[in-house]
Amino acid sequence: MNEDSTAPRGTVKPLDGESAHLAIERHLRDLVASRPVGDRLPSTRTLVLEHAASPLTVQRALQRLVLEGLIETRPGAGSFVARRHSVHRADFGWQTTALGAARTGADAIGTAMANAGPGVIALHSGYPAEELLPTRLVRSALVRAARTNTAVERAPISGLPELRSWFAAELAPAGASVAAPPAADDVVITPGGQSALSSIFRALANPGDAIVMESPTYWGAMAAARQAGLRIVPIARGTTAPTAADLDDALGASGARLFYAQPHFANPTGALWSSSERSAITAVLHARGAYLIEDDWAHDFGIDADAAPLAADDADGHIVYVRSLTKSLSPAVRVAAVVARGPALARIQVDRTVDDLYVSGILQAAAVDVLTDPGWRSHLSRLRGSLRGRRDEMARQVRGQLGADALELVPRGGLNLWVRTNDGVDVAGLARRAAAEGVLFSPGGDWFPAEPTGSFFRLNYSRARPELFEPAVGILARLLA
Ligand SMILES: Cc1ncc(COP(=O)(O)O)c(C=O)c1O
């Protein structure tokens, strides 16, 4: 029988002066204490009814106990009594001596990767909601792929030829200005953009080398560079590209031969390089004999502009291009590509193969199926409209509730707004207080290679339902006030 149908309304009363939130917490603690590990706890709906409380209040109480390790939530299944910590106290002290200092600590992993409990308003995560994915196409492509030999065979180390051709063709639109645009042979398939970046950094630089990055930039690129033993040399970027002069100085002073950047709808700022900025930066790369690692993560998320990869015009292999389908096709079909030329391509291929030999063929086959279906193009144009609506609504809420100057740029694409609040605001502390109220966002500190230059945070508009933007930003406004 469905427990919800029998849950009596308002039967669990708060103690004198106790808030609904604390009453639910106390009730849950009693349940956890009296039930065996793994036991299912009442659903959110039941708790809402029993306490005559709002779903958000119930979620906050659940989230609190999840953070304390008393409750586990399993998406789609509910909340359960968590495994108790063992009373045995292991002695791991020897590992401190054995391991020495960590190259990257646990704080290298951005808060954007935190799992959101049920009911939490997730403005922290970079992964779009299911309604923004080509879900139907993906499901039927996986079923079809399961019937092919890709389900049981080892895939080629560089990837399925059809998929490599697709990525190359995307870089060689009709009328491209380069005599020999990238071809399928220049493409290496990887299991996501993150592993592509790790391989590129390992393959094209040695531990101790410098790598230039825009600041702020994607936390995962910084983490991968540090894991590869590279030294990050930041150059400032605001709502535009970094200046060619800054890039030239940074390459010259550090001896770096790698420049990692996101020319289109950068994560987190949303900035888009103009054509004059592109030319000036390309000229510096040529003069310095350096590579641009062009992370085109938001290729499919253009709203008022399209991403036009610099790699499409690269004749001499100065650009190592990364394009991922993780966020636009499906986070579960983890497929991306690196496009590179010459010895750089060969080195990246070796690193990929040493790292994990090859990428699952069935996932690649499913990706080809989706990408070559006429529905893919219509999905992309629908997606553009949905992202526009979400971006505009989030920008309206931020400007309306946090002030017109909270937003320097409404990005022309991508999935995020980069918000600035008053200098001196402890944004990490704000994030903790907002999390306790059921709103997750990503504090600015995650995105700077060095000290943050102001109090910034990133709000992602692609995951939570748009009607929740208003209450979520309202909570931030109240906490900031
Ligand atoms: C700028 C940027 N590059 C690369 C990645 C990694 O992509 P993937 O999820 O395909 O590994 C992300 C993911 O958030 C990203 O934001």
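Take every DSSP beta bridge whose two residues both sit in the range 136-374, then give the antiparallel share in percent to the nearest 5.
35 percent
Find how many whole Å separate the alpha carbon centroid of the range 77-124 from the alpha carbon centroid of the range 460-479.
26 Å
Taking 8 Å as the Cα distance limit and 6 or more residues as the minimum spacing, I'd like the relative contact order of the chain as a percentage.
Here the relative contact order equals 19 percent.
List, in order, the whole-Hz ³J(HN,Hα) value for each residue of the range 377-383 obtained from phi through the Karplus relation with A = 6.51, B = -1.76, C = 1.60 and θ = phi - 60°; use x for Gly and Pro.
Taking θ as phi minus 60°, the curve returns 5, 5, 4, 4, 6, 5, 4 Hz for the range 377-383.
What's the magnitude of the charge dipole for the range 3-81 around its Cα centre, counting Lys and Arg as +1 and Asp and Glu as -1 at the beta-carbon? Answer in Debye, nearest 20.
I would put it at about 120 debye.
Just want the ordering: Arg391, Arg139, from fewest to most Cβ atoms lying within 10 Å of their own Cβ.
Going from least to most buried by this count: Arg139, Arg391.
What is the sum of charges around Ala346, taking Lys and Arg as +1, Asp and Glu as -1, for the other residues whose C-beta is under 12 Å from the C-beta of Ala346? Numbers along the way, then the final one.
Numbers: positive: Arg341, Arg347, Arg352; negative: Asp185, Asp186, Asp351.
Every neighbour counted, the sum reads 0.
Put a dot 7 Å past each Cα toward the Cβ at Glu130 and Val37; how far apart are the dots in nm?
3.1 nm
Quick one: of the DSSP bridges fully inside the chain, what percent are antiparallel, nearest 5? Mind showing how you got there, number by number?
On the way: 23 of 41 bridges.
The antiparallel proportion sits near 55 percent.
Tell me which of Ala23, Gly76, Leu47 sits at the most positive position along the dipole axis of the range 3-81, charges placed on C-beta atoms (Lys, Arg +1; Asp, Glu -1).
It is Gly76, whose Cα lies furthest towards the positive end.
Does anyone have the angle between helix 275-288 and the longest principal axis of the chain? Alpha-carbon axes, 0 to 90°, nearest 10?
60 degrees
What list do you get for Trp297, Trp94, Trp447 if you sort them by fewest beta carbons within 10 Å?
Numbers: Trp297 28, Trp94 8, Trp447 24.
In order of increasing Cβ crowding within 10 Å: Trp94, Trp447, Trp297.
Sorted from fewest to most neighbouring beta carbons within 10 Å, what does the list Arg237, Arg147, Arg103, Arg399 look like? Show your work: numbers first, answer last.
Numbers: Arg237 21, Arg147 9, Arg103 12, Arg399 17.
Listing Arg237, Arg147, Arg103, Arg399 from fewest to most nearby Cβ atoms yields Arg147, Arg103, Arg399, Arg237.
For the chain, what is the calculated [θ] at 222 nm in deg cm²/dmol (nearest 500), taking -39500 (n - 2.57) for each run of four or more DSSP H residues and dividing by its residue count? Before the final figure, lay out the partial values.
Numbers: 16 runs with 192 residues, N = 481.
The helix contribution divided over the chain gives -12500 deg cm²/dmol.
Going toward the positive end of the dipole of the chain, with +1 on Lys and Arg Cβ and -1 on Asp and Glu Cβ, which of Leu409, Asn267, Leu132 do you reach last?
Ranked along the dipole, the leading option is Leu132.
Cβ neighbours within 10 Å, averaged per peptide: list 408-414, 418-424 in order, most packed at the top.
Order by mean packing, descending: 408-414, 418-424.
Could you please state, rounded to a whole Å, how far the C-alpha centre of the range 272-291 is from the C-alpha centre of the range 198-226?
Centre-to-centre (Cα) distance: 19 Å.
With a/c under 1.5 counting as rounded, go ahead and sort the range 71-131 into rounded, prolate or oblate using the C-alpha gyration tensor (a ≥ b ≥ c being the square roots of the eigenvalues; past the cut-off, prolate if a/b is larger than b/c, else oblate).
Oblate, because a/c is 1.5 or more while a/b does not exceed b/c.
In the chain, with Lys and Arg counted as +1 and Asp and Glu as -1 at Cβ, which of these residues, Trp94, Gly159, Val354, has the Cα nearest the positive end of the dipole, that is, farthest along it?
Value computed over the given set: Trp94.
Would you work out the relative contact order for the range 3-81, in percent, from Cα pairs under 8 angstrom that are 6 or more residues apart? Walk me through the intermediate numbers first.
Details: 91 pairs, mean separation 29.7, N = 79.
Reported relative contact order: 38 percent.
Counting Lys and Arg as +1 and Asp and Glu as -1, each charge on the Cβ, what is the dipole of the range 136-374 about the Cα centre in debye, to the nearest 20? Please list the in-between numbers first.
Values: 19 positive and 25 negative charges, 147 e Å.
The calculation lands at about 700 debye.
Under unit Cβ charges (Lys, Arg +1; Asp, Glu -1), what dipole magnitude, rounded to 20 debye, does the chain have relative to its Cα centre?
Taking the Cα centre of the chain as origin, the dipole is about 1100 debye.
Bear in mind these aren't lab numbers, they're just calculated from the coordinates by the rules spelled out. None of these values were measured; they are calculated from a predicted model. All Cβ positions, glycine included, derive from the backbone under ideal geometry; neighbour counts span all protein chains shown.
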